[in-house]
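Enquirer: Handing you a structure now.
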Amino acid sequence: MAVTAAGAPRRSLVLAAMIFAVAMTFIDQTIVSIAAPQIQSELGLSTTGLQWAVNAYLLALAALFAFGGRLADTVGHRSMVVLGVVIFAGASVLCGLTPRGGAAETWLIVFRAVQGAGGALMYPAALAIVVDTYPMRDRGKALAMFFGIAGGLTAIGPILGGWLTEWTWRAIFWVNVPVAIVALMLTAMAKPGDERRPARMDYRGLALIVGGVGLSVFGFQQSGVWGWRNPAIWVCIAAGAVLLVVFGRVQTRTASPLIHMELFRNRAFLAQNVLLTVVMAAFIPTFFFTSLYAQASLGKNASKASLDLLYFFIGFVVAAQIGGRMLDRGGAKRPVVLGCAIAAVGYYLWAGRVTQLSDSPLTWYIILSGFGMGLMIGQSNTDAVNRVPREKYGEATGITQTLRNYGAALGFAILGTIFTTVLQNHLTDSLISQGVPPAQAAQQAAQSSGLSSAGGGTGTIPGFVRLDYANAIEAVLYTMAGIMAVAFVIALRSLRRGVQTEQTEQADAPDLADRPGTAGQTPESAGSPQPPGSSQPPGSGQPPGSGRPVSGTRPGADRADRRQ
């Protein structure tokens with residue numbers, strides 16, 4: 001089946017259904033953190049238990065995305081969306097029903113992990129449905145709406161959480177139920193495609209990637225708690241890396257692998273996945289460090305601190321729509337390169353103003369950073385999925401989401417270490433200047449420089465401490481600017497101009513679309529000289545499903561490629 005022939009009204013209904021389906025997964029990435037103090041107080045959770053109530057969800061998402069993507073391609077995209085929504089909503093109800101007493105901690109952690117598993121099954125299938133519903137010429141605009149709204153929901157999570165916890169913290173989980181009901185109703189009305197392609201499931205590969213990603217992400221998450229000097233951190237990260245290397249080797253020798261490694265032979269697919277991994281190291285931690293600055297340096301409470309994220313997503317949502325149209329008209333390179341550059345400048349200017357301890361000089365720089373991110377993230381993701389045959393849309397989405405979460409976990413570990421080190425140094429110097437003996441100052445600074453030690457209002461945090469936190473955030477933001485500068489260089493050097501056309505299943509030339517001078521050609525035409533002026537018109541070539549690839553960029557764009 002080719003891209004669905006449904007008209008615009010039905011396509012819009014499919015898009016709305018999938019946005020509602022994934023809305024829960026994005027809201028729950030941030031909403032629980034706001035209610036954490038109430039949850040801990042009422043249930044009597046330990047600090048470690050509370051941390052894992054947050055981390056179990058993210059860890060399950062990261063570890064199971066690849067499995068969810070492959071399963072979606074095998075048993076049907078719509079079936080997996082429905083199953084994922086039901087699992088997610090059911091686990092949300094059970095999280096909200098967590099009993100008081102000794103079982104509370106285990107109960108909440110387990111069902112938070114089940115939530116993550118439901119999200120990992122649902123998200124790749126939902127994105128694959130959107131990709132499969134819209135033709136290539138309209139896909140950038142549609143996915144810009146998808147990613148723009150999804151990104152905005154990440155910012156809304158803390159605001160919604162602050163409002164709901166005034167009633168009861170349990171409502172932050174129960175709010176998913178009406179969202180799930182709407183998603184299921186819209187999915188039933190839209191009836192998106194549910195084509196099945198039965199294949200053996202690679203459970204050996206599943207065990208390896210779950211172990212590899214799980215151990216690595218766990219090590220990154222715990223680095224801020226245990227410290228990098230703890231050998232357990234390095235054992236987890238190293239063991240995870242080894243398992244992932246073994247996984248890659250096993251996949252190349254498996255008849256029906258969890259991930260078809262030959263997809264990475266496509267230069268653009270590989271480049272976009274590397275880009276997403278790098279960019280997520282700055283993008284996801286932005287939420288945390290923005291809120292931390294607002295609370296520790298500006299003295300805002302958690303609910304008011306979350307409002308600062310709205311500035312970021314004002315820029316993000318607007319730019320996502322612009323970037324989607326740029327993708328449809330001229331390909332991914334321009335919005336991705338430009339977005340990385342704008343984000344790098346935005347973070348740099350933002351960093352240079354945080355020590356003024358005022359919101360007003362920051363607003364436009366926060367919006368600028370969000371604009372840069374919005375211009376490139378959705379377009380990079382869309383272009384990566386566009387580079388694979390439609391039979392592997394779910395699998396490709398699982399790959400991109402796995403790498404995005406891996407990059408975010410790595411970013412948190414690196415930026416958290418930078419933050420803690422800079423804060424500890426500044427606090428030590430400040431305490432010494434206040435007359436505290438050096439040894440005692442160093443000890444107090446070490447105890448106060450953790451990522452979870454900020455909070456309270458301006459009356460509870462001395463002015464010099466607020467400034468020390470701002471200096472640490474400054475270092476973090478400068479590092480984010482550097483990360484985006486690296487992403488800019490990667491995008492500039494590795495992406496090529498041109499509008500991508502549909503891919504079909506092809507085993508012998510997976511990277512044809514990225515070979516100079518072969519855009520839009522079949523293997524036979526690529527190997528034969530063409531007479532001058534004989535370029536094929538856009539969209540020419542074999543029809544989808546014919547067994548021959550219809551790949552690459554439009555010919556006019558290919559001529560631009562050769563001029564680079």
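Only the coordinates and a few stated rules stand behind these numbers; no lab work does. The shown structure was predicted, so the numbers you read here are calculated from the model rather than taken from an experiment. Using ideal geometry, Cβ is built from the backbone for each residue, glycine included, and neighbour counts are taken over all protein chains shown.
Enquirer: Counting other beta carbons within 10 Å of each residue's own, what order do 177, 245, 422, 279 fall into, fewest first?
Expert: 245, 177, 422, 279
Enquirer: Then there is this: Once all Cα-Cα distances of the stretch 202-257 are split into 5 Å bins that start at 0, what whole-number percent is in each one?
Expert: 4, 24, 25, 18, 12, 9, 6, 2, 1
Enquirer: For the stretch 107-117, take each phi angle, set θ = phi - 60°, evaluate the Karplus expression 6.51 cos²θ - 1.76 cosθ + 1.60, and give the result in whole Hz per residue in order, putting x for glycine and proline.
Expert: 4, 5, 5, 4, 7, 5, 5, 5, 3, x, 5
Enquirer: Okay, next question. How large is ³J(HN,Hα), in whole Hz, for each residue of the stretch 365-377 in order, when computed from phi with the Karplus curve 6.51 cos²θ - 1.76 cosθ + 1.60 and θ = phi - 60°, using x for Gly and Pro?
Expert: 6, 5, 4, 4, 4, x, 4, x, 5, x, 5, 10, 5
Enquirer: With viscosity set to 0.890 mPa s at 25 °C, what whole-number translational diffusion coefficient in µm²/s follows for the stretch 114-228 from Stokes-Einstein and a Kirkwood radius over Cα pairs?
Expert: Using the Kirkwood radius from Cα pairs, D works out to 137 µm²/s.
Enquirer: Where the centroid of each part is defined by its Cα atoms, how far is the stretch 123-140 from the stretch 237-283 in Å?
Expert: 22
Enquirer: What residues have an amide H closer than 5 Å to that of residue 497, excluding those fewer than 5 places away on the same chain, when H is modeled at 1.01 Å from N in the peptide plane?
Expert: The answer is none.
Enquirer: Here is a follow-up. Give or take rounding to whole Å, what are the principal axis extents of the alpha carbon atoms in the stretch 168-283, in descending order?
Expert: That works out to 51, 47, 28 Å along the principal axes.
Enquirer: Per 5 Å bin, what is the whole-percent P(r) computed from every C-alpha pair distance within the stretch 237-361?
Expert: 2, 8, 12, 16, 14, 11, 11, 12, 7, 4, 1, 0
Enquirer: Could you tell me which of rounded, prolate or oblate describes the stretch 1-192, using a ≥ b ≥ c as the square roots of the eigenvalues of the alpha-carbon gyration tensor, with rounded for a/c under 1.5 and, failing that, prolate when a/b is larger than b/c and oblate otherwise?
Expert: Verdict is prolate for the stretch 1-192.
Enquirer: Under Stokes-Einstein, with the Kirkwood radius over Cα pairs standing in for Rh, what whole-number D in µm²/s applies to the stretch 333-416 at 4 °C and 1.567 mPa s?
Expert: Once the numbers are plugged in, D ends up at 89 µm²/s.
Enquirer: Taking loop as defined by DSSP and a crowding limit of 10 other beta carbons within 10 Å, which trypsin sites (Lys or Arg not before Pro) in the stretch 244-301 fit?
Expert: Of the trypsin sites (Lys or Arg not before Pro), the ones in loops of the stretch 244-301 whose Cβ has at most 10 other Cβ atoms within 10 Å are 253.
Enquirer: Quick one: putting +1 on the C-beta of Lys and Arg, -1 on the C-beta of Asp and Glu, what dipole do you get for the stretch 71-193 around its Cα centre, in Debye to the nearest 20?
Expert: So the magnitude is around 140 debye.
Enquirer: Which of the lysines could a cross-linker bridge to residue 333, judged by Cα under 22 Å and excluding same-chain residues fewer than eight apart?
Expert: Candidates past the 8-residue exclusion: 141.
Enquirer: Tabulate in residue order the Karplus-calculated ³J(HN,Hα) for the stretch 264-274, using 6.51 cos²θ - 1.76 cosθ + 1.60 with θ = phi - 60°, rounded to whole Hz; enter x for Gly and Pro.
Expert: 6, 6, 6, 4, 5, 4, 4, 4, 5, 6, 5
Enquirer: If you place +1 on the Cβ of every Lys and Arg, -1 on the Cβ of every Asp and Glu, and leave all else neutral, what size is the dipole of the stretch 1-143 about its Cα centre, to the nearest 20 Debye?
Expert: Using only the charged Cβ atoms, the result is roughly 440 debye.
Enquirer: What percent of all Cα-Cα pairs in the stretch 320-366 falls in each 10 Å bin, counting up from 0?
Expert: Cα pair-distance distribution for the stretch 320-366, in percent: 26, 35, 25, 13, 1.
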